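Visitor: Input: one structure, supplied below.
The values are calculated or read from the model by the stated rules, or taken from the named source; none is laboratory data. Here the structure is a predicted model, which is why all the values come from computation and not from measurement. Glycine also receives a Cβ, built like all others from the backbone with ideal geometry; neighbour counts cover every protein chain displayed. Heads up: the accessible areas ignore ligands, DNA and RNA and are worked out on the full protein's heavy atoms, side chains in. Shrake-Rupley method; radii C 1.70, N 1.55, O 1.52, S 1.80 Å.
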Amino acid sequence: MEAKENRTEKELVIVTGMSGAGKSEAMNCFEDRDYFCIDNFPINLFQYLDEIFLSSEKKEKIAIAIDVRNEKFIKQLNEKLEILEQKNIDYKIIYLDARTEVLLSRYELSRRKHPLNLFNTLISNIEAERKIMENFMVKADLVIDTSTLSVKELQALLEKEFFSGNKKMNVSITSFGFKYGIPLDLHLMFDLRFLPNPYYIDSLKKKTGNHKDVSDYVMGMPESQDFYKMLLEMLMYLIPKYEKEGKSHLRIGIGCSGGQHRSVTFVNKLYDDLSKKLTYNVGKYHREVGAKTEI
């Protein structure tokens, strides 16, 4: 009985995604958490992972980073994951992504070659890698868009959504502006550009949905009230269904033109209502605004 209580479960984390999206920074975070970390893990060693676990008491938590090289690699990786399942090794996949223009900028700053190296231009290699990876991304337990994240913010996000130890599903609601690109890690997305825009009212233009007069204006419109009621009811229905299907993280995006007024107002209200009505870990993030309440 005592031996069973002292037994520590083995934990395997696979960190993958687009090259330049932050895998090294994520691995540093796992290393700080006393995971046994292996970067650029060779795919032919997957079958020996159980032996790596058994080789030392210190290797109860393993994190491996994998770079994808071609479509054949993806096929091999899927086969290796089946081997893990046959060996009853539980694993989680974290997929890091970023917008193409952000990846371009990061590579230009670092002056590194792209690992795919199939084409003469950097953007062609990035686009080819994205096409190779698109079908594998759906296997991930957690997808993180690092386009607007600093290293510190990435670490904080991993802390909240992966290391918290809370078994309840994490629900993250993000406001964003379509003019700055759609977040890449959303499961659900809603477009508020059909609502009148406070940007064109001089007294509200330089404010955000964090200001009461802006939120009062947005929610004072009948179409806002009608849509919000339908949206809240739909999310109240959908969120438990996602958890039932095994999701541990659910990301909801609310977008408007600039991500300043309408989307911020809706995210704040959804956060308040869902936090009160549901028992999940609900969080909010204003991508274009942050937490500022004054201009």
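Visitor: Calculate how large, on average over all directions, the projected area of the Cα convex hull of the chain is; give the answer in nm² to one decimal. Each step should come with its number before you reach the end.
Guide: Details: hull surface 73.3 nm².
Average projection, Cα convex hull of the chain: 18.3 nm².
Visitor: Starting from region 111-212, pick out the GluC sites (Glu not before Pro) whose DSSP state is loop and whose Cβ has at most 16 other Cβ atoms within 10 Å. Write out the running numbers ahead of the final one.
Guide: On the way: sites: GLU127, GLU129, GLU134, GLU153, GLU159, GLU161; in loops: GLU134.
Passing both the DSSP loop test and the Cβ count: GLU134.
Visitor: Further question on the same structure: Sticking with the crude label model, points 7 Å out along Cα→Cβ, report the distance from GLU153 to TYR180 in nm, one decimal please.
Guide: 0.8 nm
Visitor: Which is the longest stretch in the chain that no exposed loop site breaks, taking sites as chymotrypsin sites (Phe, Trp or Tyr not before Pro) with a DSSP loop state and at most 13 other Cβ atoms within 10 Å?
Guide: In the chain, the maximal stretch lacking such sites is 1-118.
Visitor: Over the chain, what is the relative contact order in whole percent, taking alpha-carbon pairs under 8 Å and six or more residues apart?
Guide: After rounding, I find 20 percent.
Visitor: Hey, any idea what % of the chain's accessible area is carbon plus sulfur with a 1.4 Å probe? Mind showing how you got there, number by number?
Guide: On the way: 7870 of 16090 Å².
That fraction is 49 percent.
Visitor: In a GNM of the chain with a 10 Å cut-off on Cα contacts, which of SER175, SER105, SER248 has the highest mean-square fluctuation?
Guide: With Cα springs under 10 Å in the chain, the top fluctuation among SER175, SER105, SER248 is at SER105.
Visitor: Would you please name the GluC sites (Glu not before Pro) within region 175-273 that are DSSP coil residues with at most 12 other C-beta atoms within 10 Å of their C-beta? Display every interim value, and only then the final one.
Guide: On the way: sites: GLU223, GLU233, GLU243, GLU245; in loops: GLU245.
For GluC sites (Glu not before Pro) across region 175-273 that sit outside H, G, I, E and B with at most 12 neighbouring Cβ atoms in 10 Å, the list reads GLU245.
Visitor: Stokes-Einstein D for region 10-49 at 37 °C, 0.692 mPa s, Kirkwood Rh over Cα pairs, in µm²/s?
Guide: Values: Rh = 11.2 Å.
D, rounded to a whole number, is 293 µm²/s.
Visitor: Could you order SER24, SER124 by accessible surface area, starting with the largest, using a probe radius of 1.4 Å?
Guide: On the way: SER24 65, SER124 40 Å².
The residues order as SER24, SER124, largest area first.
Visitor: Filter the cross-link list LYS75/LYS152; LYS160/LYS207; LYS61/LYS247; LYS160/LYS241 down to pairs whose alpha-carbon distance in this structure exceeds 32 Å.
Guide: LYS75/LYS152, as the Cα separations exceed 32 Å there.
Visitor: How much accessible area does THR265 have with a 1.4 Å probe, in Å² rounded to the nearest 10?
Guide: The accessible area comes out at roughly 10 Å².
Visitor: Per residue and in Å³, how big is the convex hull formed by the alpha-carbon atoms of region 176-245? It would help to have the intermediate numbers written out before the result.
Guide: Values: hull volume 7.8 nm³, N = 70.
Residue-normalised Cα hull volume stands at 112 Å³.
Visitor: How many Å² of accessible area per residue for the chain, probe 1.4 Å?
Guide: For the chain, the solvent-accessible area averages 55 Å² per residue.
Visitor: Still on this model: Over all pairs of distinct alpha carbons, what does the Kirkwood formula give as the hydrodynamic radius of region 211-295, in Å?
Guide: Working: mean 1/r = 0.0719 Å⁻¹.
When all Cα pairs of region 211-295 are included, the Kirkwood radius is 13.9 Å.
Visitor: DSSP loop (so not H, G, I, E, B), at most 16 other Cβ within 10 Å: list which trypsin sites (Lys or Arg not before Pro) in region 72-169 pass both filters. The partial results should precede the final answer.
Guide: Working: sites: LYS72, LYS75, LYS80, LYS87, LYS92, ARG99, ARG106, ARG111, ARG112, LYS113, ARG130, LYS131, LYS139, LYS152, LYS160, LYS167, LYS168; in loops: LYS87, ARG99, ARG111, ARG112, LYS113, LYS167, LYS168.
The qualifying sites are LYS87, ARG111, ARG112, LYS113, LYS167, LYS168.
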